[in-house]
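Notes follow the structure.
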């Protein structure tokens, strides 16, 4: 398996522009997570899906952030409009619930820079 | 979710055994202890997970005392490539998974 795939790996944009981050989870996994990592705040959970349904989006910082999972193999995290404080590394992770303690498999991340 | 406390950083030399201790005084009965490793410019990677006593895999060992209020990740004979941030997480898995990452421990292995 190729693991969790994220694109783009790097994104540089200007303040006010729309940014879309993409994630392909590991095939067969039923949970998908979006995290954001910064030096100041560490790794934060933004939102997670189960079977393509958003379960908890309490970590989404504000209405400028939105996430979708139209099918089991694709998810997007959109920021509109983007702001410099959104600059961070965004990780996508997936996992399979198997009735025992499970683990999350992280993608390589997207480094976002908002100028 | 139980809060965890671990050292901010640790230094070691190649070939040494490294033990990173994590405190989780408020761990609940159903909570498991999981350790992740993160290299620069990469996502966290699962290392090991346990509930009590000792767990060992090809990468590390995890020691959990009877009261479960702390745990120790043991890395045998570290190499330069073990330089990374190590996160201790405590959480319950019951039909869903949410992990709360703290600041982690930055391990620096020197020649």
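Overview of results
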read-out: The range A:85-107, residues that are facing another protein chain (nearest Cβ under 9 Å) and modelled with pLDDT of 95 or more; value: A:89, A:91, A:92, A:107
read-out: The one condition in (1) in contact with a strand residue (DSSP E or B) (Cβ under 6 Å, 6 or more places away or on another chain); (2) in contact (Cβ under 8 Å) with a residue 40 or more places away in the chain; (3) within 14 Å of another protein chain (Cβ to nearest Cβ); (4) within 20 Å of residue B:100 (Cβ to Cβ) that residue A:77 fails to fulfil; value: (3)
read-out: Failed item, numbered, when residue B:67 is tested on (1) surrounded by 13 or more Cβ atoms within 10 Å (Cβ to Cβ); (2) away from every other protein chain (no Cβ under 14 Å); value: (1)
read-out: Scan of the range B:17-52 for residues that are more than 15 Å from residue B:73 (Cα to Cα) and assigned to a strand (DSSP E or B), ordered by number; value: B:31
read-out: Filter result for residue B:73 (farther than 30 Å from residue A:57 by Cα, more than 12 Å from chain A (Cβ to nearest Cβ) and crowded, with 20+ Cβ neighbours inside 10 Å); value: yes
read-out: Residue count for the range A:63-115, restricted to those that are assigned to a loop (DSSP other than H, G, I, E, B), surrounded by 15 or more Cβ atoms within 10 Å (Cβ to Cβ) and touching a helix residue (DSSP H, G or I) at 6+ places or on another chain (Cβ under 9 Å); value: 1
read-out: Check on residue B:43, in contact (Cβ under 8 Å) with a residue 12 or more places away in the chain, surrounded by 13 or more Cβ atoms within 10 Å (Cβ to Cβ) and at the interface with chain A (Cβ under 10 Å from one of its Cβ atoms); value: no
read-out: Filtered residues of the range A:10-62 (kept if out of contact with any strand residue (DSSP E or B) (no Cβ under 7 Å at 6 or more places or on another chain), in a strand (DSSP E or B) and more than 11 Å from chain B (Cβ to nearest Cβ)); value: A:53
read-out: Test: residue A:5 is within 12 Å of chain B (Cβ to nearest Cβ) and at pLDDT below 95; value: no
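A quick yes/no check of all residues on (1) buried (at least 20 other Cβ atoms within 10 Å of the Cβ); (2) touching a residue at least 40 places away in the same chain (Cβ under 8 Å); (3) farther than 18 Å from residue A:104 by Cα; (4) touching a helix residue (DSSP H, G or I) at 6+ places or on another chain (Cβ under 9 Å):
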| site | (1), (2), (3), (4) |
| --- | --- |
| B:29 | no, no, yes, no |
| B:34 | yes, yes, no, no |
| B:54 | no, no, yes, no |
| B:87 | yes, yes, no, no |
| B:104 | yes, yes, no, no |
| B:109 | yes, yes, yes, yes |
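The values are calculated or read from the model by the stated rules, or taken from the named source; none is laboratory data. Everything quoted here is computed from the prediction, not taken from an experiment. Counting neighbours? That spans all protein chains shown, and the Cβs are built from the backbone with ideal geometry, glycine included.
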